[in-house]
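Accompanying notes for the structure given below.
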Amino acid sequence: MILGLMSGTSLDGLDLALCRFSGYGLHTQVEVVHHQTLAYSEEIKNSIREVFAKDQIHFPSLSTLHAQIGRLHAQYILQSLSTWGINPQDVDAIASHGQTVMHRPMRTGQLPDSTLQIGDGDHIAHLTGIITLSDFRQKHVAGSGEGAPLAVYGDYFLFSKKGEHRILLNIGGIGNFTYLSASQDPKDILVTDTGPGNTLLDAYVRQHFPGFHYDKDARLARQGILHIPLLDSLLNLAFFQESFPKSTGPEYFNIDLLNQVIQENGYSLTPVDTLRTLTEFTAQSISNAMQSYIPGIEDKSCQLIVSGGGSKNPLLMERLAKINPQMKVTESDHLSIASEAKEAVLFALLANETFMDDQVASHRRLGDSPWLSLGKISLPN
């Protein structure tokens, strides 16, 4: 069994998914034995925000937090295994994504792409007594990828279906999708980030609605009126002029950027109008990416299968269905893996691939993404 760990940029907490695998690649079979999410304390969230996606930080704090997050995740692992009645000795490996604090694609070619996740795998391995794989994104960057999105592996191996076009859309802090052609040919795969998912929405709610961390059931956004000029300005940001595939993060899409756009154009909006517009911005940017990047998507009968926190936003889901009438829009739960567990399962799968795939070669590709063995291995002792 492999225990997958995922903590996203929304800072909700740590998703844990205990998985039993057989096979690998397109022959992968996975059973999610247990899964749960354990919340971060406000103290931990604030500590992460102090170093997250900032040009200048207190470097000793980052160094300490790297170990602190690793030890916290180890505590959550042992707590979860105890709750589930699982002996740590029965877990073959841990696959830890870590907590992203910087994602920096550099498209000029003058400097290398880079990405940084904290939560030291050595601390996890030592405290749990379980072999731990971490730093999955670094190898992807080294192999000419951008380190994101990595969902392509799990999407292709677990969810592709011969004869059916599928788009696996994840709406976390950032939106990203994997297009799986009905041909099931890896050369036809397309994978990219689309822009903001929940990151602007959640940050705006925290700033303007004290006591709220996100717009539950879109209750706030539904009170607002769409502001077309702001929407158009956001959709014309530089990121959307760049070629696919591409990746991004809150380093770019943040409240400072939003305020800059509003102030430069002299827009005047109520907070609920801004939330309604940001919700539409997420829906439109995702839809534009699919329509621009996937050849002939307007004429294809296609399933749009949505996971991540955004799949629980009813207004966002309604808008995706309205903008893309040729697609059947559903949540990923019907694929036998709960939406909230999907990303943790992905990293467990990546560890399984690293252990099992004996056909690794530097030239292999999943569409535009390098097909490599990912993750650094930390031994318990």
Give me the residue from segment 323-346 that is modelled with pLDDT under 90 and assigned to a loop (DSSP other than H, G, I, E, B) and, out of that set, farthest from the chain's Cα centre (by Cα). S336
Residue list for segment 235-293, filter: among the polar types (S, T, N, Q) and in contact with a helix residue (DSSP H, G or I) (Cβ under 8 Å, 6 or more places away or on another chain): T248, N254, N265, T274, T277, T279, T282, Q284, S285, S287, N288, Q291
Here is a list: F240, F253. Which entry is closer than 13 Å to G195 by Cβ, surrounded by 14 or more Cβ atoms within 10 Å (Cβ to Cβ) and touching a Phe, Trp or Tyr at 6+ places or on another chain (Cβ under 9 Å)? F253
For M102, state whether it is hydrophobic (A, V, I, L, M, F, W, C), surrounded by fewer than 14 Cβ atoms within 10 Å (Cβ to Cβ) and under 21 Å from the mean Cα position of the chain (by Cα). no
Answer residue from segment 286-312, given it is part of a helix (DSSP H, G or I) and more than 20 Å from the chain's Cα centre (by Cα) and is nearest to L335 (Cα to Cα) among those: I297
Would you call L235 within 26 Å of Q326 (Cα to Cα), more than 22 Å from the chain's Cα centre (by Cα) and among the aliphatic types (A, V, I, L, M)? no
Test set (1) under 19 Å from G154 (Cα atoms); (2) in contact with a Leu (Cβ under 9 Å, 6 or more places away or on another chain); (3) assigned to a loop (DSSP other than H, G, I, E, B) - L349 fails condition number: (3)
Being hydrophobic (A, V, I, L, M, F, W, C) and within 14 Å of P229 (Cα to Cα) is the filter here, so list the residues in segment 249-272 that pass it. L258, V261, I262, L269
Restrict the check to segment 27-49 and report whether at least one residue is over 22 Å from G309 (Cβ atoms), free of Cβ contacts under 8 Å to residues at least 60 places away in the same chain, assigned to a loop (DSSP other than H, G, I, E, B) and touching a helix residue (DSSP H, G or I) at 6+ places or on another chain (Cβ under 7 Å). no
Test Y153 against the stated conditions and say whether it is out of contact with any helix residue (DSSP H, G or I) (no Cβ under 7 Å at 6 or more places or on another chain), under 30 Å from A283 (Cα atoms) and aromatic (F, W, Y). no
From the list L231, L226, which one is more than 20 Å from T178 (Cβ to Cβ) and part of a helix (DSSP H, G or I)? L231
Do any residues in segment 122-134 that are in a loop (DSSP other than H, G, I, E, B) have Cβ atoms under 6 Å from those of residues that are surrounded by fewer than 24 Cβ atoms within 10 Å (Cβ to Cβ), where the two are at least six apart or on different chains, and which pairs are they? G129/P88; G129/P380; I130/P88; I130/V91; I131/A93
Among the listed residues L269, L257, L275, which satisfies the condition of being assigned by TED's automatic domain parsing to the domain that holds V306 and more than 22 Å from the chain's Cα centre (by Cα)? L269
Looking only at segment 82-99, how many residues end up being free of Cβ contacts under 8 Å to residues at least 60 places away in the same chain and buried (at least 18 other Cβ atoms within 10 Å of the Cβ)? 0
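The values are calculated or read from the model by the stated rules, or taken from the named source; none is laboratory data. A quick note: this is a predicted structure, and the numbers were derived from the prediction, not measured. Cβ sites come from the backbone with ideal geometry, for glycine too, and all protein chains shown count toward neighbours.
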